[in-house]
Amino acid sequence: MSRLTLVLGGARSGKSRFAESLARQHGGPRTYIATAEPFDDEMRQRIARHRDQRAGDGWQTLEAPLDPAAVLPREGLVLLDCVTVWLGNLMHHGRDLKAEVTKLCAALEACPAEVILVSNEVGLSIVPENAMARRFRDEQGLANQALAAIADNVFFIAAGLPLKLKG
Amino acid sequence: MSRLTLVLGGARSGKSRFAESLARQHGGPRTYIATAEPFDDEMRQRIARHRDQRAGDGWQTLEAPLDPAAVLPREGLVLLDCVTVWLGNLMHHGRDLKAEVTKLCAALEACPAEVILVSNEVGLSIVPENAMARRFRDEQGLANQALAAIADNVFFIAAGLPLKLKG
Amino acid sequence: MSRLTLVLGGARSGKSRFAESLARQHGGPRTYIATAEPFDDEMRQRIARHRDQRAGDGWQTLEAPLDPAAVLPREGLVLLDCVTVWLGNLMHHGRDLKAEVTKLCAALEACPAEVILVSNEVGLSIVPENAMARRFRDEQGLANQALAAIADNVFFIAAGLPLKLKG
């Protein structure tokens, strides 16, 4: 039985859909941890689209833009979507990203529920000109490494198709 | 026998060369559907380089920058290179990209010829600052998912080397 | 026995750490070829971090920001980290990148030592607006193809996890 699964992929790679298909294989109660803070209409539409995809599927949804570790349920299946938006929120609010990632890792290791994490791979381009963008891609890459190290299964998604990296 | 093959990869990943090596395994008549509209010298050189690579190989070349579905041959092997340039042309001309992708998918499913599609994976970086770039990477990602869903074989190319995602 | 290994990955993908873990499996003398020229504090910190990771591990370090081919040892294990920084230095100094890559490939093929190369995959985003960035990602992609073609083993690293592309 898998306990912690990390689903990595690019923008519009189908990673959320793949994570949801994994989640549906779980028979118990399902909790969706939403990380998005809607800053603008573009993001609001994105959130709505993801909600629509889950509609009628019997998920309990928890909003945790800054501290998902604090709301992790003790049972069933948890889908946290996504780590990238959470890290963006932390950076926006001036938090210590490395400390927060360490805290989430500890919470995940202590959590008896099965957890699926969705995260973006953002480092496969030329170096961004923007210093904050450079810092973000460094933090995201390090977070992905830390989460992958404690995950039982890791998938890389491209064009909706999974490639197993671990497990 | 494979009918529809999708070859994904980054810029200068060797995806076109790999797709052409697949195409050369086919014994029948070969049609190359070129999608590029040369806007500037950089693109003109790129087109010429790709042409040089096919030179003397006995390809029939069709130019279809906006509507490749309309020129799909009924037999032999078809290489469409590439979906990304085609999507860029559609966006440049203000077309409805989702509708055009749906139309191409329908044409591919009805096409009796063997088809190889080349497309870029463009979503593995930080979010672009430019809104049109963000929209393009969304459309490209969705198009890749739609094409991968109907493809028999999907390859991801890195450094000229194929990784099989499907088939 | 592997002779030439290419380790590809994005920024903060764990590719250097993976390459170092491969290197540690080698019993003989180990040479680290450092390519970085510290232009600013950010790069200086990055260099220092990588040095710290090798600290006390008994590596001989050679600095070769422009001509690693000239310093390749004749025995033991060589880790060249990384091709991307080297290409950036060449571009900064106005060198002919294709000629230099050809020269490195020839030197690697003639080198009796076991060599591990670290390089970035930078082409999986939308087309950069900056012309020099476009040129760099083209040169990097072509260099990766050339090196992968002569490598015995090629790995793609994501979130610290290796995916074997060749070998």
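The values are calculated or read from the model by the stated rules, or taken from the named source; none is laboratory data. Bear in mind that the values here come from a model prediction, so they are computed numbers and not experimental data. Don't worry about glycine lacking a Cβ; one is built from the backbone with ideal geometry, like all the others, and counts go over all protein chains shown.
Some observations on this one:
- The condition of being touching a residue at least 24 places away in the same chain (Cβ under 8 Å) and either more than 11 Å from chain B (Cβ to nearest Cβ) or farther than 24 Å from B:G9 by Cβ (or both) holds for C:R74.
- Any chance A:L165 is over 12 Å from the mean Cα position of the chain (by Cα), facing another protein chain (nearest Cβ under 7 Å), of a type outside the set (D, E, K, R) and surrounded by 22 or more Cβ atoms within 10 Å (Cβ to Cβ): no
- Checking B:L6 against (1) aliphatic (A, V, I, L, M); (2) closer than 30 Å to C:L8 by Cβ; (3) assigned to a helix (DSSP H, G or I), the condition it does not meet: (3)
- Checklist (1) touching a Ser or Thr at 6+ places or on another chain (Cβ under 7 Å); (2) within 10 Å of another protein chain (Cβ to nearest Cβ); (3) not charged (D, E, K, R) applied to A:V85, failing item: (2)
- When A:A158 is tested against (1) touching a Gly at 6+ places or on another chain (Cβ under 7 Å); (2) farther than 17 Å from B:L124 by Cα; (3) within 7 Å of another protein chain (Cβ to nearest Cβ), just one condition goes unmet, and that condition is (2).
- Within the stretch C:18-46, the set of residues being buried (at least 17 other Cβ atoms within 10 Å of the Cβ) and either modelled with pLDDT of 90 or more or not in a loop (DSSP other than H, G, I, E, B) (or both) comprises C:F18, C:A19, C:E20, C:L22, C:A23, C:R30, C:T31, C:Y32, C:I33, C:A34, C:T35.
- Any chance C:A146 is surrounded by fewer than 22 Cβ atoms within 10 Å (Cβ to Cβ), of a type in the set (G, A, S) and either under 17 Å from C:V71 (Cα atoms) or modelled with pLDDT under 95 (or both): no
- Across the stretch B:47-58, the number of residues qualifying as assigned to a helix (DSSP H, G or I) and not hydrophobic (A, V, I, L, M, F, W, C) comes to 6.
- If you filter the stretch B:98-137 down to residues that are among the charged types (D, E, K, R) and surrounded by fewer than 22 Cβ atoms within 10 Å (Cβ to Cβ), you find that the one that is modelled with the lowest pLDDT is B:E129.
- In this structure, C:A70 does not qualify as under 13 Å from the mean Cα position of the chain (by Cα) and part of a helix (DSSP H, G or I).
- Unique residue being touching a Gly at 6+ places or on another chain (Cβ under 7 Å) and among the polar types (S, T, N, Q) when the list is A:N130, A:N153, A:N144: A:N153
- With respect to the conditions (1) more than 14 Å from chain C (Cβ to nearest Cβ); (2) of a type in the set (A, V, I, L, M, F, W, C); (3) out of contact with any strand residue (DSSP E or B) (no Cβ under 7 Å at 6 or more places or on another chain), B:A23 falls short on a single one, namely (3).
- Any hit, the stretch A:70-83, residues being in contact with a helix residue (DSSP H, G or I) (Cβ under 7 Å, 6 or more places away or on another chain) and surrounded by fewer than 20 Cβ atoms within 10 Å (Cβ to Cβ): no
- Conditions (1) within 12 Å of chain B (Cβ to nearest Cβ); (2) in contact (Cβ under 8 Å) with a residue 60 or more places away in the chain; (3) closer than 25 Å to A:V122 by Cα: number failed by C:I150: (3)
- Taken over the stretch B:120-142, the criterion of being more than 8 Å from chain A (Cβ to nearest Cβ) and under 13 Å from the mean Cα position of the chain (by Cα) is satisfied by B:N120 alone.
- Failed criterion for A:V101 (all others in (1) facing another protein chain (nearest Cβ under 8 Å); (2) assigned to a helix (DSSP H, G or I); (3) of a type in the set (V, I, T) hold): (1)
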